[in-house]
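The values are calculated or read from the model by the stated rules, or taken from the named source; none is laboratory data. Treat the numbers as computed from the prediction; the structure is a model and nothing was measured. We place every Cβ from the backbone using ideal geometry, glycine too, and count neighbours over all the protein chains shown.
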């Protein structure tokens, strides 16, 4: 298999993507995110947000259009070729997807051991360093069931970081967490972006999170992109569904 080479300027890009199951889910969707930026994909439930993440991971293929990830057209890649992409791009699932039978430290170690450059000698230091990064240094020996939803999400982020990705995809990271933990997760996402230069895509209905972490935002409605642009441009968008969405969430952009 020939090595993949860079051809596309944006780190992630949807080019006129369509996807239909029983009904259309994505309809002519185009947007992008550049290296080191955070893109938020927002909208009500069922508008295609998680389906978009699954296309970025290659778990789903578009009916038409192209999906670019890590500067590569992944639309028709084989599973082996996608494995190379997954070394660069990882996903933090809403559930956390942690192993309940393993401690927090062992969950992170499991991901660490998948790295080809993994050094067995310093494994404890690496695990502790990752836990320090997500402010969970005191929870290495706890089990996922002992932690709150927010803490489990932070562990999932630490486990994702163990793979040394270029990009992290976040699926509803602040859903079902209290306001204090939501603030901590947003601060963590910003810190990782600043310290590690990570590119990220966050699917969320949390407009406060969007305003804190995103550079660009996509708003989906009935599977279509009705806004794509900078966060501060939303206040000037006259699309009726954008205005309705913002009004329902009581976001005051003049504050």
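Conditions (1) crowded, with 18+ Cβ neighbours inside 10 Å; (2) farther than 20 Å from residue 204 by Cβ, marked per residue:
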residue	(1), (2)
16	no, yes
21	no, yes
28	no, yes
31	yes, no
42	yes, no
46	no, no
52	yes, no
63	no, yes
70	yes, yes
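Scanning the range 87-100 for residues that are within 19 Å of residue 123 (Cβ to Cβ) and surrounded by fewer than 15 Cβ atoms within 10 Å (Cβ to Cβ) returns a single hit, 99.
Only one entry in 48, 65 is farther than 29 Å from residue 195 by Cα and touching a residue at least 60 places away in the same chain (Cβ under 8 Å), namely 48. Of the residues 159, 211, 184, which is within 30 Å of residue 135 (Cα to Cα) and at pLDDT 90 or above? Criteria check complete, one pass: 211. Name the residues in the range 195-232 that are in a strand (DSSP E or B) and closer than 18 Å to residue 157 by Cα, would you? Of everything in the range 195-232, those that are in a strand (DSSP E or B) and closer than 18 Å to residue 157 by Cα turn out to be 199, 200, 201, 202, 203. Kindly indicate whether any position in the range 71-82 is assigned by TED's automatic domain parsing to the domain that holds residue 189 and part of a strand (DSSP E or B). The answer is yes; a qualifying residue exists.
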